[in-house]
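A.B. asks: Please see the structure below; I have some questions.
The values are calculated or read from the model by the stated rules, or taken from the named source; none is laboratory data. Everything numeric in this text was worked out from a predicted model, so none of it was measured. Every residue, glycine as well, gets a Cβ built from its backbone with ideal geometry; the counts of neighbours run over all protein chains shown.
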Amino acid sequence: MRALALLFLMAVFAFAEVKTFTQSVTQVIGDSQSADDARKEAIKKAQANALREAGEFIVTQTTLKNNQLTSDEVEAISASIVKTKVIDQKKYLCGDNICWDITVESQIDSASISEQVEKILKHRETQVKLEQTEKDKQDLTDENKRLAQEKLELQQKIENLMNQAANKTENTAQPTVKESKATRQEIDQYTQAIKKTPNEPLNYIYRGLLYGELGDHSKAIADYTQAIKIDPNDARIYYNRGNSYDDLGDQLKAIADYTQAIKIDPNLAWAYYNRGNSYANLSDYAKAIADYTQAIKIDPNFAWAYNNRGNSYGMLDDHSKAIADYTQAIKIDPKLATAYYNRGYSYAELGDHSKTIADYTQAIKIDPNYAKAYYNRGVSYANLRDFKKATRDARKACELGDCKLLQYMGKNGFISD
């Protein structure tokens, strides 16, 4: 659009009138131009001048405030409402040439100007609204994409934290002060996220997992409970709340939550596994074995399920089946120190101390700070009357915090240097 810009609120006229303009143009007929072509060219010029003058009239007759009327819009108004006609034309000699004099008359009704300006205003308002609507739609689309990406990232963080928690063993170290500080900072972050979007269950799930990392299981349970209120069909929430109940020693509530998680997602192997652990803690080894077996059906490479099913078989004095399960767990995960330890214990129950010692030794190679492995290997050496090695293991176990064997050997005169 050209540079002419006029500010207006609306066109206001003191009174309606019909304005008449006349424009005259002299056109020299060129050497290669016919007389009729020259006449037509002169008429176009006269009409253009008349329209320009009408446009200037439109500008001067319009009260303009706070908005812009472009030169193109002024010309559009002129072209739509100005009526032009040729009122005089004559051809004559002008020096050595032949010329045309053309006079054009144009008329404009001020009331028509008001109508046209109003139409332009309405059109412009409509365009602004349409543009704003499109912008709002795009902004909403962008925001939805951003939120969807944030949700995916949070889903992944939840999965990672759940996997970390699932893979922890009894020998896993507690978080350091630095790690705890970082976790509390994350908790503060998700507390703010909950204030911003209180109906997003993922924020509660993740904060609950963080509370669990710090050992604050009561707060974790509160977050999982709130998440369940928002989304009662997410198996992970029940599963995680069950873990927190288990950490607090409430096996019955843990079992109830694992059971609900399984109802929602029958393929959640970890829910069967942890429910099996709860049943084992309640000494219901038959149910524990059934749950470990189901977890193994879902995930045949679930080393911990084999290991813990072996524990339940061992508690039922079925050490042959226990050894078979520990062996399978070791095949799946050769670095699973507890499986070697447990298999060694079952061999000891069967009186096979050489195999017992071999398994305890392997457990110690994997985890040099495995106090129970030193303790029980010392017991096996003592049963084989090798008190020197038994004393060495008893002392190492005592260094790691378990002095019962060393005290017993000292009391009974079995210490051998």
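A.B. asks: Quick check on Lys335: is it free of Cβ contacts under 8 Å to residues at least 12 places away in the same chain, out of contact with any strand residue (DSSP E or B) (no Cβ under 6 Å at 6 or more places or on another chain) and not β-branched (Val, Ile, Thr)?
C.D. replies: In short, no.
A.B. asks: Sticking with this one: Answer yes or no as to whether Tyr340 is more than 15 Å from Asp393 (Cβ to Cβ) and surrounded by 18 or more Cβ atoms within 10 Å (Cβ to Cβ).
C.D. replies: So Tyr340 passes the test.
A.B. asks: Moving on to the next point. I'd like to know if the stretch 377-392 contains one or more residues that are assigned to a helix (DSSP H, G or I), among the aromatic types (Phe, Trp, Tyr) and either within 27 Å of Pro334 (Cβ to Cβ) or out of contact with any helix residue (DSSP H, G or I) (no Cβ under 8 Å at 6 or more places or on another chain) (or both).
C.D. replies: Yes: the stretch 377-392 contains one or more residues that are assigned to a helix (DSSP H, G or I), among the aromatic types (Phe, Trp, Tyr) and either within 27 Å of Pro334 (Cβ to Cβ) or out of contact with any helix residue (DSSP H, G or I) (no Cβ under 8 Å at 6 or more places or on another chain) (or both).
A.B. asks: Any idea which of (1) in a helix (DSSP H, G or I); (2) touching a Phe, Trp or Tyr at 6+ places or on another chain (Cβ under 7 Å); (3) farther than 24 Å from Tyr306 by Cα is the one Asp359 doesn't satisfy?
C.D. replies: Failed condition: (3).
A.B. asks: Find the residue count for the stretch 199-238, including only residues that are modelled with pLDDT of 95 or more and among the aromatic types (Phe, Trp, Tyr).
C.D. replies: Final tally of qualifying residues: 2.
To keep it simple, each residue is scored yes or no on (1) touching a strand residue (DSSP E or B) at 6+ places or on another chain (Cβ under 6 Å); (2) of a type in the set (D, E, K, R); (3) modelled with pLDDT of 90 or more; (4) within 30 Å of Ile364 (Cβ to Cβ).
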{"residue": "Thr141", "(1), (2), (3), (4)": "no, no, no, no"}
{"residue": "Asn163", "(1), (2), (3), (4)": "no, no, no, yes"}
{"residue": "Asn167", "(1), (2), (3), (4)": "no, no, no, yes"}
{"residue": "Ile187", "(1), (2), (3), (4)": "no, no, yes, no"}
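A.B. asks: In the stretch 208-224, how many residues are of a type in the set (Asp, Glu) and either surrounded by 23 or more Cβ atoms within 10 Å (Cβ to Cβ) or touching a helix residue (DSSP H, G or I) at 6+ places or on another chain (Cβ under 6 Å) (or both)?
C.D. replies: So the answer is 2.
Residue by residue, here is whether (1) free of Cβ contacts under 8 Å to residues at least 12 places away in the same chain; (2) outside any helix (DSSP H, G or I); (3) over 38 Å from the mean Cα position of the chain (by Cα); (4) within 22 Å of Ala271 (Cβ to Cβ) holds:
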site	(1), (2), (3), (4)
Lys297	yes, no, no, yes
Pro300	yes, yes, no, yes
Ala322	no, no, yes, no
Tyr326	no, no, yes, no
Gly344	no, no, yes, no
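A.B. asks: Looking at the stretch 391-403, is at least one residue farther than 22 Å from Tyr279 by Cβ, at pLDDT 95 or above, buried (at least 20 other Cβ atoms within 10 Å of the Cβ) and touching a Cys at 6+ places or on another chain (Cβ under 9 Å)?
C.D. replies: Scanning the stretch 391-403, I find at least one residue that is farther than 22 Å from Tyr279 by Cβ, at pLDDT 95 or above, buried (at least 20 other Cβ atoms within 10 Å of the Cβ) and touching a Cys at 6+ places or on another chain (Cβ under 9 Å), so the answer is yes.
A.B. asks: If you go through the stretch 346-356 one residue at a time, how many are of a type in the set (Gly, Ala, Ser), assigned to a helix (DSSP H, G or I) and surrounded by fewer than 23 Cβ atoms within 10 Å (Cβ to Cβ)?
C.D. replies: Selection size over the stretch 346-356: 2.
A.B. asks: Follow-up question, since we're still on this one. Of all the helices (runs of 4 or more DSSP H) wholly in the stretch 187-282, which have at least 1 residues that are over 15 Å from Met162 (Cα atoms) and among the aromatic types (Phe, Trp, Tyr)?
C.D. replies: Here the list reads 235-247, 269-281.
A.B. asks: Among the residues of the stretch 216-236, which ones are without any contact (Cβ under 8 Å) to a residue 40 or more places away in the chain and within 27 Å of Lys181 (Cβ to Cβ)?
C.D. replies: Answer for the stretch 216-236, where residues must be without any contact (Cβ under 8 Å) to a residue 40 or more places away in the chain and within 27 Å of Lys181 (Cβ to Cβ): Asp216, His217, Ser218, Lys219, Ala220, Ile221, Ala222, Asp223, Tyr224, Thr225, Gln226, Ala227.
A.B. asks: Continuing with this model, one more query. Going through the stretch 394-414 one residue at a time, which ones are of a type in the set (A, V, I, L, M), closer than 17 Å to Thr361 by Cα and in a helix (DSSP H, G or I)?
C.D. replies: Ala394, Ala397
A.B. asks: In addition: Can you tell me how many residues within the stretch 312-337 are crowded, with 24+ Cβ neighbours inside 10 Å and polar (S, T, N, Q)?
C.D. replies: Total satisfying the criteria: 1.
A.B. asks: A follow-up question, please. Could you please find all residues in the stretch 303-329 being in contact with a Phe, Trp or Tyr (Cβ under 8 Å, 6 or more places away or on another chain) and within 30 Å of Phe387 (Cβ to Cβ)?
C.D. replies: Answer for the stretch 303-329, where residues must be in contact with a Phe, Trp or Tyr (Cβ under 8 Å, 6 or more places away or on another chain) and within 30 Å of Phe387 (Cβ to Cβ): Gly314, His319, Ala322, Ile323, Tyr326.
A.B. asks: Have a look at Asn376, Asn369 and point out the one that is buried (at least 20 other Cβ atoms within 10 Å of the Cβ) and either in contact (Cβ under 8 Å) with a residue 24 or more places away in the chain or out of contact with any Pro (no Cβ under 7 Å at 6 or more places or on another chain) (or both).
C.D. replies: Going through Asn376, Asn369 in turn, the sole match is Asn376.
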